[in-house]
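The structure appears below as structure tokens.
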Amino acid sequence: MSTKNFLPTIFFIKTIYLIFKQIQIFKKKLFLEIIIKNTKKGFVILFTNSKYCGKSFEEEFKSSLKYASHLEVASGFFSYELLNELKPQFLKIASLGSCKLLFGMIYHERGSKKQIDCLINLNKELRKINSESGIYITIERYHGKIFRFTSNNYGEKIYIGSSNLSYSGFGTYKEFNLEIKDEQDKQDIKTFLKYLFHEKDTNKKIGFPIEDIELRLKNDKEDKETGENSLKNFEINKDSFPTKRIDLPKMRIMHRPQKQPKSSLNLYFEKGRKVKRNGRNLWTPRGWFEVEITSQKSEQLNNIYPKDNMKKFEWTAYVQDNVGGKEKYYKIPMISCSGKKGLPKSIQSKNNRHILGALIKGKMERSGALSKYELITQETLASYGRDYIELHQINLKEYFMEV
């Protein structure tokens, strides 16, 4: 290589070196600023449950409980054994001020009888002490973890991180939790806690006293009755099932769970409905098998899409399935509805969304791609091997449907 050609290379290398050096200087300045900021407030301590790095969050939590006169916990999950163990401390804190515990996943993920009984009984004892204390449940999934302690003598401590109020969060799992030092951060967190516990706007509110919530058991009989058992009412003999021809016009209607996390296949994860129980209005989740298929305009414009010139269009779906190695044949009354006249966007099983859900979710569960009370995601569909339903038009009002 000539000297003339080599000079640009030297210049390029030197330029890269100078840029890299400036980046290193900037990173050192930034790191020093962080050190100075935290030195003024006290160094941040990690709570990881690891003996090699950080401290035990269980020890920190229980130590903070001893001096608290007010406690607010917002956790995704909990262990009822830990709640029972800590009950005396919770009741003591309530007697000194208030104790509020909020859990964000049990409403939709359901609970065991022991879990639900634990929450109800602890809530009753807390409420006896004062109305400011008690158990709260969110009707939308809340997965965060916040622990706020207030002491008359030691001020306020707020921790955030990954630990649930559970034995696994306190010791079994490696976690990452921090005590919040910055005053503005503390204020923001308290604003968020106020939203979780005390939001007044009914359109925004997701946290409710447990007295306003109907908690359901895992594998509730009602799910089975509205789903698999109801599906039996639409089973027909093979002889009554039309012959499927390969020349029938067909189309696909896609599932879009990433755009529909609380609708369509995931209707279950909406806030739910209010029902009257013993004279009291309670929030209760939708049935697990309640689904609909929401189409897009490009699909609705397809010539064989089930519709006419009205807002609602009733039609029949013939579905073949394999359950436990046995072929099943169904004749399902269906309806296309909602949306604009002549372009209904929602496909449902008529009078009962659970029937379509029992077909789709039931098949996903049997394949191992889906577990009960679990959100359907794009990954679920990839595991299942199908992200659409397919309609084969027999005539204007009859279709083969593959789910």
For the stretch 221-402, what is the charge dipole size about the Cα centre, in debye to the nearest 20, if Lys and Arg each add +1 at the Cβ and Asp and Glu each add -1 at the Cβ?
800 debye
By per-residue mean of other Cβ atoms within 10 Å, what is the highest-first order of 234-244, 63-73?
63-73, 234-244
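Placing unit charges on C-beta atoms (Lys and Arg positive, Asp and Glu negative, everything else neutral), compute the dipole magnitude of the chain about its Cα centre in debye, rounded to 20.
800 debye
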Which whole-number percent is the relative contact order of the stretch 221-402 (Cα, under 8 Å, 6+ apart)?
28 percent
Simple Cβ-charge dipole of the stretch 141-235, Lys/Arg +1 and Asp/Glu -1, about Cα centre, in debye nearest 20
260 debye
Alpha carbon centroid spacing (whole Å) that separates the stretch 84-119 from the stretch 258-274
26 Å
Everything considered on the Cα gyration tensor (a ≥ b ≥ c; rounded for a/c under 1.5, else prolate if a/b is larger than b/c, else oblate), the stretch 46-127 must be described as oblate
Cα gyration tensor of the chain, axes a ≥ b ≥ c as square roots of the eigenvalues: rounded (a/c below 1.5), prolate (a/b > b/c) or oblate?
oblate
Alpha-carbon Debye profile of the stretch 221-402, log10 I(q)/I(0) at 0.10, 0.19 Å⁻¹
-0.40, -1.44
At 222 nm, what value in deg cm²/dmol follows for the chain if DSSP H runs of at least 4 each add -39500 (n - 2.57) and the sum is divided by all its residues, to the nearest 500?
-10500 deg cm²/dmol
Partners for Lys244 among aspartates and glutamates (Cα-Cα distance below 20 Å; same-chain residues under 8 apart left out)
Glu235, Asp321, Glu327, Glu390, Glu398, Glu402
Relative contact order (percent, whole number), the stretch 46-212, Cα cutoff 8 Å, 6+ residue spacing
27 percent
Considering Cα pairs under 8 angstrom that are at least six residues apart, work out the relative contact order of the chain and quote it in whole percent.
13 percent
Under 19 Å from the Cα of Lys340 - aspartates and glutamates, other chains or at least 8 residues apart:
Glu292, Glu299, Asp308, Glu314
Packing rank of 191-203, 75-87, 49-61, where each peptide gets the mean count of other beta carbons within 10 Å, highest leading:
75-87, 49-61, 191-203
How much net charge surrounds Glu175 when only other residues with a Cβ under 12 Å from its Cβ are counted (Lys, Arg +1; Asp, Glu -1)?
+1
Among DSSP bridges having both ends in the stretch 221-402, what percentage is antiparallel? Round to the nearest 5.
90 percent
Going highest first, how would you order 99-107, 301-309, 165-173 by mean Cβ packing within 10 Å?
99-107, 165-173, 301-309
Out of Ile246, Ile116, Ile293, a Gaussian network model of the chain with alpha-carbon springs under 10 Å gives the largest mean-square fluctuation to Ile246
How many angstrom lie between the C-alpha centres of the stretch 313-381 and the stretch 129-157?
41 Å
Kindly state, to the nearest 0.05, the FRET efficiency for Thr191 paired with Leu248, given R0 = 51 Å and r defined as their beta-carbon distance.
0.30
Over 20 Å between Cα atoms, which of Lys100/Lys124; Lys224/Lys361; Lys62/Lys100; Lys218/Lys271; Lys181/Lys205 qualify?
Lys181/Lys205
Once you sort the root eigenvalues of the Cα gyration tensor of the stretch 76-222 as a ≥ b ≥ c, which label holds: rounded (a/c under 1.5), prolate (a/b larger than b/c) or oblate (the other case)?
rounded
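Each reported figure results from applying straightforward, stated rules to the coordinates on display, with no laboratory input. Worth saying up front: this structure is predicted, and the values here are computed from it rather than measured. Using ideal geometry, Cβ is built from the backbone for each residue, glycine included, and neighbour counts are taken over all protein chains shown.
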